[in-house]
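Single-structure report; data block below.
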Amino acid sequence: MNERLETYESKMKKTLANLDGELGTIRAGRANPNVLNRIMVDYYGTPSPIQQVANVSVPEPRMIQIQPWERTMVKVIEKAIQVSDLGINPTNDGSVIRLVFPELTEERRKELVKDVKKKGEAAKVAVRNIRRDGNDAFKKLKGSEVSEDEIKDLCDELQKMTDKYIKEVDEAVEAKSKEVMTV
């Protein structure tokens, strides 16, 4: 592959990875430890992800169990979850925190699918912007050591790459939407 195209492909890969990360935080009725990724707790003055201060497991399909490595962290983690936008009230027995995910209503599922599609659309826009930047950069090469045919080939390759990543975004959105709508 042309090294001029590699930078744009790596940007498109990052866009796709970012979308996957965002879709992972959307809860779909089943317990998924990724919903905790954005929640930080104060660990001796350092904001740390919950996964770095506790053992996170999924003992049942709709429950996440968080077992802090230090007993003193139970209250800190519980408080961080309560003030987050997770919308789930944690229960703790002094050493373990449990998050029980309620069954999603049909209406809530539809809202989540809209959110998934919105994130997918934002990712597609980002991929298209990367393509536009690439095309602009290639057109600026005109008159240099690069022939017009080579510039056209670069633009064609970039378009193929864009189509590939947009298809992957659509597939990711479709898979997540199906997961959210599955009861």
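The values are calculated or read from the model by the stated rules, or taken from the named source; none is laboratory data. Keep in mind the model is a prediction, meaning the values are calculated, not measured. For neighbour counting, all protein chains shown are included, and Cβ atoms are generated from backbone atoms with ideal geometry for every residue, glycine included. For the accessible areas, the whole protein counts, side chains as well, though only heavy atoms, and no ligand, DNA or RNA atoms are used. Shrake-Rupley method; radii C 1.70, N 1.55, O 1.52, S 1.80 Å.
Observations, loosely collected:
- Pairs, first over 20 Å from R71 (Cβ atoms) in the range 35-49, second buried (at least 18 other Cβ atoms within 10 Å of the Cβ), C-beta under 6 Å, six or more apart: V35/R27
- The number of residues in the range 155-168 that are under 20 Å from the mean Cα position of the chain (by Cα) and touching a residue at least 40 places away in the same chain (Cβ under 8 Å) comes to 4.
- Output for the range 7-42, where each listed residue is open to solvent by 30 Å² or more (accessible area, probe 1.4 Å) and either of a type in the set (G, A, S) or touching a strand residue (DSSP E or B) at 6+ places or on another chain (Cβ under 6 Å) (or both): S10, A17, G21, P33, M40
- Residues of the range 33-52 satisfying the condition of being over 16 Å from K79 (Cβ atoms), in contact with a helix residue (DSSP H, G or I) (Cβ under 9 Å, 6 or more places away or on another chain) and not β-branched (V, I, T): P33, N34, N37, Q51
- Residue satisfying all of: in the range 162-172; β-branched (V, I, T) and within 11 Å of L16 (Cα to Cα); surrounded by the most Cβ atoms within 10 Å (Cβ to Cβ) among these: V169
- Contact annotation: residue pairs with Cβ atoms under 8 Å, 6 or more positions apart or on different chains, pairing a residue in the range 100-125 that is in contact (Cβ under 8 Å) with a residue 60 or more places away in the chain with a partner that is of a type in the set (S, T, N, Q) and surrounded by 18 or more Cβ atoms within 10 Å (Cβ to Cβ), are V113/S177; V116/S177; K117/S177; A123/T15.
- Residue in the range 37-58 that is hydrophobic (A, V, I, L, M, F, W, C), in contact with a Ser or Thr (Cβ under 9 Å, 6 or more places away or on another chain) and within 30 Å of A175 (Cα to Cα) present: yes
- Total residues in the range 49-92, condition more than 20 Å from the chain's Cα centre (by Cα), more than 19 Å from R30 (Cβ to Cβ) and open to solvent by 40 Å² or more (accessible area, probe 1.4 Å): 12
- Only listed residue being within 24 Å of the chain's Cα centre (by Cα), at pLDDT 85 or above and not aliphatic (A, V, I, L, M), chosen from K152, K114: K114
- Among strands (runs of 3 or more DSSP E) entirely within the range 27-81, having at least 1 residues that are β-branched (V, I, T), within 26 Å of E106 (Cα to Cα) and out of contact with any Leu (no Cβ under 7 Å at 6 or more places or on another chain) singles out 54-60.
- Yes/no for L141 being in contact (Cβ under 8 Å) with a residue 60 or more places away in the chain and either part of a helix (DSSP H, G or I) or open to solvent by less than 70 Å² (accessible area, probe 1.4 Å) (or both): no
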